[in-house]
Amino acid sequence: MGAAAIDLLYWRNVKQSGAVFSSVLLLLFSLTQFSMVSVGAYLALAALSASISFRIYKSVLQAVQKTDEGHPFKSYLEMEIALSQDQISKYADKILLYSNTCMKELRRLFLVQDLIDSLKFAVLMWLLTYVGALFNGLTLLILAVVSMFTMPVVYEKHQAQIDQYVGLIRTQVNSVVGKIQAKIPGAKRKEE
């Protein structure tokens, strides 16, 4: 994650973080009420209305003041926005790498290369059935965005206490997993 994203999530610039946070939440809440096509169309209409209004305002201002400033968006119209072949190739290579890694891992889990990992995956999928029954994907996305903008700040302020409790939970989970592994025949992991 880049430094700009970290500054955004840690609320280093409150106005910028607030604007991004509220915009993303507004978009997600809009998607809960309207289809993605409708939300996209409304956003495009709002942006187009704003730019047309600004263009007309600047034209009227130029006519009244008798100035020749030109098109108000001239610098943006002249800006190069094309993606280079290198950029596309770099992103395509990353997507290919992630896709191949994901397919290999899924193959390993579904074909039970390691019994414990496949059982963990099965438990995770079973838990996700309950999560899916309680929340839809958009609600989970809203919760994730709210967590992204709140959890880093909370952790930064209460790091010592949180680390202590996480350590206790980790010890308990490792203890339970160790007991379960000891009871399943053939499930003991090799020492690495």
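The values are calculated or read from the model by the stated rules, or taken from the named source; none is laboratory data. Just so you know, these numbers come straight off a predicted model, no measurement behind them. Cβ sites come from the backbone with ideal geometry, for glycine too, and all protein chains shown count toward neighbours. These accessible areas exclude ligands, DNA and RNA; they are computed on the full protein's heavy atoms, side chains included. Shrake-Rupley method; radii C 1.70, N 1.55, O 1.52, S 1.80 Å.
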Item to check | Flag if Lys15 is in a helix (DSSP H, G or I) and under 30 Å from Tyr155 (Cα atoms) | outcome: yes
Checklist outcome for this item: Taking the stretch 141-182 and keeping residues under 29 Å from Trp11 (Cα atoms), open to solvent by less than 50 Å² (accessible area, probe 1.4 Å) and either aromatic (Phe, Trp, Tyr) or over 27 Å from the mean Cα position of the chain (by Cα) (or both) leaves Phe149
Checklist outcome for this item: Filtering the stretch 13-37 down to residues that are over 19 Å from the mean Cα position of the chain (by Cα) and either surrounded by 11 or more Cβ atoms within 10 Å (Cβ to Cβ) or closer than 18 Å to Ile142 by Cβ (or both) yields Asn13, Gln33, Phe34, Ser35
Item to check | Qualifying position, being of a type in the set (S, T, N, Q), without any contact (Cβ under 8 Å) to a residue 12 or more places away in the chain and touching an Asp or Glu at 6+ places or on another chain (Cβ under 8 Å), among Gln87, Gln33, Gln62 | outcome: Gln62
Checklist entry - Could you say whether any residue in the stretch 45-62 is charged (D, E, K, R) and over 25 Å from Ala144 (Cβ atoms)? => result yes
Next on the checklist: Among the residues of the stretch 38-57, what is the count of those that are exposed (fewer than 12 other Cβ atoms within 10 Å of the Cβ) and over 25 Å from the mean Cα position of the chain (by Cα)?
Outcome noted: 8
Checklist entry - With the stretch 47-134 as the region, which helices (runs of 4 or more DSSP H) entirely inside it contain at least 1 residues that are closer than 30 Å to Gly178 by Cα and of a type in the set (Gly, Ala, Ser)? => result 115-134
